[in-house]
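Have a look at the structure below before the remarks.
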Amino acid sequence: MGENETEHLVSMANDIAANLGFHADADERIADHLRRFWAPRMRNILMGYADDGGKGLSENLVAALDKLRD
Amino acid sequence: MSELIQSSQDLGTPPPRGTTGQVSLEIDGHEVSVSKGTSLIRAAAIAGISIPKLCATDSLDAFGSCRMCLVEIDGRRGTPASCTTSVEEGMVVHTQSGKLERLRKNILELYISDHPLDCDTCPADGDCELQDVAADLGVKDSRYGLNGLNHLGAEKDQSNPYFTFDPSQCIVCYRCVRACDDIQGTFALTGDGRGFASKISAGQMESFMDSECVSCGACVNSCPTAALEEKSVIKLGLPEKSTLTTCAYCGVGCTFNVETRGEEVIRMVPSKQGKANEGHACVKGRFAFEYYKHGDRITEPMIRDSIDEAWREVSWEEAIAFTARRFREIQAKHGRDSIGGITSSRCSNEETYLVQKLVRAAFGNNNVDTCARVCHSPTGYGLKTTLGESAGTQAFESVASADVVILIGANPTEAHPVFASRLKHRLREGARLIVVDPRKIALVDSPHVRAEHHLQLLPGSNVAFVNAMAHVIVSEGLADEKYVNERCEIPSWKIWSEFIMREENSPESLQSVTGIDATELRQAARLYASAGNGAIYYGLGVTEHSQGSTMVMGIANLAMVTGNLGREGVGVSPLRGQNNVQGSCDMGSFPHELPGYRHVSDPEVRTLFENEWQVKLQQDPGLRIPNMFDAAIHGNFKGLYCQGEDIAQSDPNTHHVETAMKSLECLVVQDLFLNETARFAHVFLPGSTFLEKNGTFTNAERRISMVRKVMPSRSGKEDWEITVDLANELGYPMTYSHPSEIMDEIARLTPTFTGVSYDKLNRLGSIQWPCNEEAPDGTPTMHVDEFVRGKGYFAITGFVPTRERSTRRFPLLLTTGRILSQYNVGAQTRRTANTVWADQDVLEIHPVDAEDRGINNGDWVGIKSRAGDTVLHAIVTDKVQPGVVYTTFHFPLTGANIVTTDNSDWATNCPEYKVTAVQVTRVTQPSEWQKQQQAFNRKQLAFLDKARGPGR
């Protein structure tokens, strides 16, 4: 982690995914959390990163981002 | 006659505790009816009959030593002391007779024979109970003469910066000793000897400063003479005016009488009517107020185009116009979302409400956040998720009914001292204590208080600990299933109980993670679950972690599964750091929530505010403070209005924060002093102290209390007026003429505040929200019949270890905290005499770790993390465990946050201040960063000097 905003957002999003990953409906919860607490700009950067390959994004985070796009 | 109407009078003894029923008696021919167990002196006072007294006061249990309050009772022999004699049915009492007068005069003459007769020059002239009693009895001289053995030559103790102890004025009534023992609970004072030889001293015949005294001032408050006297009274004379207000320090929110002479504060006297403090105070609230007149105060608005040029003092009009123009230019160039605002927990409800309104309505975005982001944002998330409301569940007085208390990650004797005194009082009565903390805090073992269990967990293992506690309770059949079935969501209970029963959550499985012996953890869990009323109090040691929100939910789970919510003596109580953390959160300071914790995406809520504010609101959350920093460095966030916060000192990873500050095109700081953040500012708007404005603060028990203006604002404007001016200049009209109108608007828009008004606050003294139609006088205990969300929700709290782990390179874990004499970033307390107790941050290190590194007590040590490094002095102590080091963040030049990282709570981005992997080495000089800071400070102070001119 450093001063790179995208890197920071990826790290934060992975933390969210890890903490909500204990739930059966983790994907929906992660998407909902990003919707309720992240500014659109932050979500857009993260989704852009996912579109560019999303290296380092956890599996359930990728699934959650798909839901966020719906 | 009502007992309530006597509120400001000293009734001699406290009300009886734990008794029921009334007793009728006759005092001096008057029929009196009082509660069973009431003392005669109190019954008489309630009836309007004053009995002379010296050792008695209604804040302390009766002592019966001065023999001044003697009375006669029909049918009884002798003259019993009315303070130690309880009322009885049908009693006939006489408080005045020739015999009583003779006895009282004789006692008083004995006192006077060993007391300096210097009333005319005594600082307490006019505020001395001995003088009052002598006047009432008409005693001017002593028949015993003044030339016998006496204590008139006793040496004065002037060691404390705030008060003197003059033994020659002491009448050995023991009120100070009892206040220290019973109210403060420090047991620092001693009464030694008997008869003529008896005397009072601090510690074992030490000076106050050398003793265990914590300078709470309870002794000074209780002293009936000038023996213990504020130095400010000695120097400036007795006050002429008293104004009831609320302390501007910690989240206890004590009520004080600010006593003034003209525009000079003489002293702060805690109010007995204050429900948060009931007449008690601490060294900060009572004594550390001189910062209001410190020479560092900036009272003129200042602007500059660049942080590399000198400040220019300008008129308010010019400063506001400059700010508005800059903000609009930035928005025109970089978009509506390129600016934002930060509210402060040091500001009033009305001020924080206005700043978030300014951001949402005038800036047109939701980029508003508050310093609660970096302390208790996980409390909001965790308690809202599980219980339905982002607030503690109890009143402070609830602890008096607790049977077992778990204290997690909180150090109340340092950070919330007045609550600590309440807690210690209850513990001395027999309640049991479990301390969960990596450090050996004072409450683990102090006079007459000893924790039954100190679970000295490793930093970063909170969630593992709380899961292990819950595992024991559920697996050993200690859950209150009746409560769970009636009060909680059964599907969530089923999923959670299955999760928590897993072997991976057992204390034995988690022992290597938490560092807590499994057997002891099991004992602690059994104690909490089965000892009656179980209350949990917690602090930043819970929230400031990568799983801060998870831990808060884990605590709520623990309380629900044991049925410890919804009544007196139980509950989940966050101890809030600053005076208005609760209020700033309530007022809609978070970017995703409008006032009353309602999400910005809710169209009904938005419509309500849009209609009132006459503006269209954004439906998506804005940026939080750390997100603002990231966006600023990235180049998308360019303007910030920062009211009452010092983010450059208080926020983690200073390098990152300073880079963000330097990236801004317009940073506006509204504060009392040129703080660390203001060094990066383009506009400085001088703020007002709590003495200079009207408003309200809301403390950790949801108690809204009035802040009343004691003197005019030194800058010419109260802080809310500055925000109003800025909004108007930006073209968004705000037309308030008094903060009461702002509160009226809050009440119109916020369901939990609909019953709140300044009129009601003045009438009731304070109000705990929710205050509305259902609870017109407020709500001391929440979730009584049902949770705010309906049924309690058991949240899954899986343990996710922090990324911040000790390594070969950084083998120690740093955790941070606070000390009693300093407050937060120290902007106020560093500018008071409190620096005699601490004038720098120090690093606590265990003897084993110190020896490994060749570090001795007092050595300069360098502390380095992956974020940065700094240098400070070492204290070698076993308060910390091996592998853990500890420091505070009160002094900017220490720069503790140069070391902390930008790891944060997964749900809220609250920084993980409590866990940083570090290495500590012995060094001989300040760090490079510290040298750069000193150079930068000198440059910025020179810029300030240019603006202010010589001699200011």
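The values are calculated or read from the model by the stated rules, or taken from the named source; none is laboratory data. Note that the structure is predicted; figures quoted are calculated from it, not measured. Glycine gets a Cβ as well: all are built from the backbone with ideal geometry, and neighbour counts include every protein chain shown. In case anyone asks, the SASA skips ligands and DNA or RNA and just uses the protein heavy atoms, side chains included. Shrake-Rupley method; radii C 1.70, N 1.55, O 1.52, S 1.80 Å.
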- the range B:313-330, subset assigned to a helix (DSSP H, G or I) and touching a strand residue (DSSP E or B) at 6+ places or on another chain (Cβ under 6 Å), residue most open to solvent (accessible area, probe 1.4 Å): B:ARG326
- Message: Pull out all pairs, ordered by first then second residue, where Cβ-Cβ is under 8 Å, the residues are six or more apart or on different chains, the first lies in the range B:506-525 and is assigned to a helix (DSSP H, G or I), and the second is among the charged types (D, E, K, R).
- Response: B:PRO507/B:ARG522; B:SER509/B:GLU503; B:LEU510/B:GLU504; B:GLN511/B:ASP517; B:ALA518/B:GLU508; B:ARG522/B:GLU476; B:ALA524/B:GLU452; B:ALA525/B:GLU476
- Task: Among the residues of the range B:150-176, write down those that are under 26 Å from B:PRO52 (Cα atoms) and either open to solvent by 40 Å² or more (accessible area, probe 1.4 Å) or part of a helix (DSSP H, G or I) (or both).
- Result: B:ASN150, B:HIS151, B:LEU152, B:PRO167, B:SER168, B:GLN169, B:TYR174, B:ARG175, B:CYS176
- Query: Taking the range A:46-58 only, how many residues are in contact (Cβ under 8 Å) with a residue 40 or more places away in the chain and open to solvent by 40 Å² or more (accessible area, probe 1.4 Å)?
  - Reply: 2
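Take B:SER821 and decide whether it is open to solvent by 60 Å² or more (accessible area, probe 1.4 Å) and small (Gly, Ala, Ser).
Judged against the criteria, B:SER821 is not a match.
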- Message: Take B:PRO621 and tell me if it is in a helix (DSSP H, G or I) and within 14 Å of chain A (Cβ to nearest Cβ).
- Response: no
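Residue-wise test of (1) open to solvent by 50 Å² or more (accessible area, probe 1.4 Å); (2) touching a residue at least 24 places away in the same chain (Cβ under 8 Å); (3) over 26 Å from B:GLN822 (Cα atoms).
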{"residue": "B:ILE406", "(1), (2), (3)": "no, yes, no"}
{"residue": "B:PRO412", "(1), (2), (3)": "no, yes, no"}
{"residue": "B:ALA415", "(1), (2), (3)": "no, yes, no"}
{"residue": "B:ASP437", "(1), (2), (3)": "no, yes, no"}
{"residue": "B:ILE441", "(1), (2), (3)": "no, yes, no"}
{"residue": "B:GLU452", "(1), (2), (3)": "yes, yes, yes"}
{"residue": "B:VAL466", "(1), (2), (3)": "no, yes, yes"}
{"residue": "B:MET469", "(1), (2), (3)": "no, yes, yes"}
{"residue": "B:GLY477", "(1), (2), (3)": "yes, no, yes"}
- Task: Sort out which residues of the range B:345-398 are touching a strand residue (DSSP E or B) at 6+ places or on another chain (Cβ under 6 Å) and aromatic (Phe, Trp, Tyr), and write them in order of number.
- Result: B:PHE363
- Note on the structure: For the range B:331-346, the count of residues that are open to solvent by 10 Å² or more (accessible area, probe 1.4 Å) and not in a helix (DSSP H, G or I) equals 2
- Message: Every residue in the range A:1-31 that is at the interface with another protein chain (Cβ under 10 Å from one of its Cβ atoms) and either of a type in the set (Ser, Thr, Tyr) or not in a helix (DSSP H, G or I) (or both), please.
- Response: A:MET1, A:GLY2, A:GLU3, A:ASN4, A:THR6, A:SER11, A:GLY21, A:PHE22, A:HIS23, A:ALA24
- Given (1) open to solvent by 20 Å² or more (accessible area, probe 1.4 Å); (2) assigned to a helix (DSSP H, G or I); (3) under 23 Å from B:GLU429 (Cβ atoms), index of the condition B:LYS275 fails: (2)
- The lone condition B:ASN557 fails out of (1) open to solvent by 10 Å² or more (accessible area, probe 1.4 Å); (2) within 14 Å of another protein chain (Cβ to nearest Cβ) is (1)
- Message: Condition (residue is farther than 19 Å from B:ALA395 by Cα, open to solvent by less than 10 Å² (accessible area, probe 1.4 Å) and hydrophobic (A, V, I, L, M, F, W, C)) applied to the range B:532-549: is it met by at least one residue?
- Response: yes
- Message: Given the options B:LEU565, B:LEU575, name the one that is under 22 Å from B:HIS416 (Cα atoms), away from every other protein chain (no Cβ under 14 Å), surrounded by 24 or more Cβ atoms within 10 Å (Cβ to Cβ) and in contact with a Gly (Cβ under 9 Å, 6 or more places away or on another chain).
- Response: B:LEU575
